[in-house]
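Worksheet: one structure, shown below.
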Amino acid sequence: MNTHEKVVAILYLISGFLTLLASVIIFMALGAAGGIAVLQGEAEAAGILGIVMLGICGFLSILALPEIIGGWALLAGKSWGRVLVLVLGFINLLNLPFGTLLGIYTLWALLRDEEAVTPQPMAA
């Protein structure tokens, strides 16, 4: 495993954990808003907020878990981790702006030909 593959793996771990952190923050914020709505006597609004909260947080969690698993697998040297991260790299191209950068770097790092970039020793 070369340096760029390790960097890609770590970036996917960081991206996945940041997405999970965003999910937790949204969960807490919408939960607090739902609690305020209940205190104001708006039980229907609290129910709608709860549904929205579960939808958003569930969606973000579903997006984060493959990144965490793929980053870990690539870092551990699993062959399927490379395939998973490549698929995530293609998907991330649609996620502007940071996902696009991560996707481009992923594709560059994992699809480049090692023989072409490694300098060969000169024969004497």
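The values are calculated or read from the model by the stated rules, or taken from the named source; none is laboratory data. What you see is a predicted model; the values in this text were computed from it and never measured. Here the Cβ is made from the backbone with ideal geometry for all residues, glycine too, and neighbour counts use every protein chain on show.
Assorted remarks:
- Here A116 fulfils each of the conditions (1) among the aliphatic types (A, V, I, L, M); (2) at pLDDT 95 or above; (3) surrounded by fewer than 17 Cβ atoms within 10 Å (Cβ to Cβ); (4) closer than 24 Å to E5 by Cα apart from (2).
- Residue within region 28-41 that is closer than 30 Å to M1 by Cβ and at pLDDT 95 or above present: no
- Taking region 39-69 as the range and being closer than 16 Å to N92 by Cβ and either β-branched (V, I, T) or surrounded by 14 or more Cβ atoms within 10 Å (Cβ to Cβ) (or both) as the test, the residues that pass are L60, I62, L63, A64, P66, E67, I68, I69.
- Selection within region 54-96: residues that are touching a Phe, Trp or Tyr at 6+ places or on another chain (Cβ under 8 Å) and of a type outside the set (G, A, S). The member of this set that is nearest to V7 (Cα to Cα) is L74.
- Residues that are surrounded by fewer than 15 Cβ atoms within 10 Å (Cβ to Cβ) and touching a residue at least 12 places away in the same chain (Cβ under 8 Å) within region 1-13 comprise M1, N2, K6, V7, I10, listed in sequence order.
- Pairs with Cβ under 8 Å, 6+ apart, first in region 76-97 and free of Cβ contacts under 8 Å to residues at least 24 places away in the same chain, second surrounded by 14 or more Cβ atoms within 10 Å (Cβ to Cβ) and outside any helix (DSSP H, G or I): none
- Pairs are defined by a Cβ separation below 7 Å, a sequence spacing of at least 6 or placement on different chains, a first member in region 22-38 that is free of Cβ contacts under 8 Å to residues at least 40 places away in the same chain and buried (at least 16 other Cβ atoms within 10 Å of the Cβ), and a second member that is of a type in the set (G, A, S) and in a helix (DSSP H, G or I); the pairs so defined are G34/A46; G34/G50; A37/A45; A37/A46.
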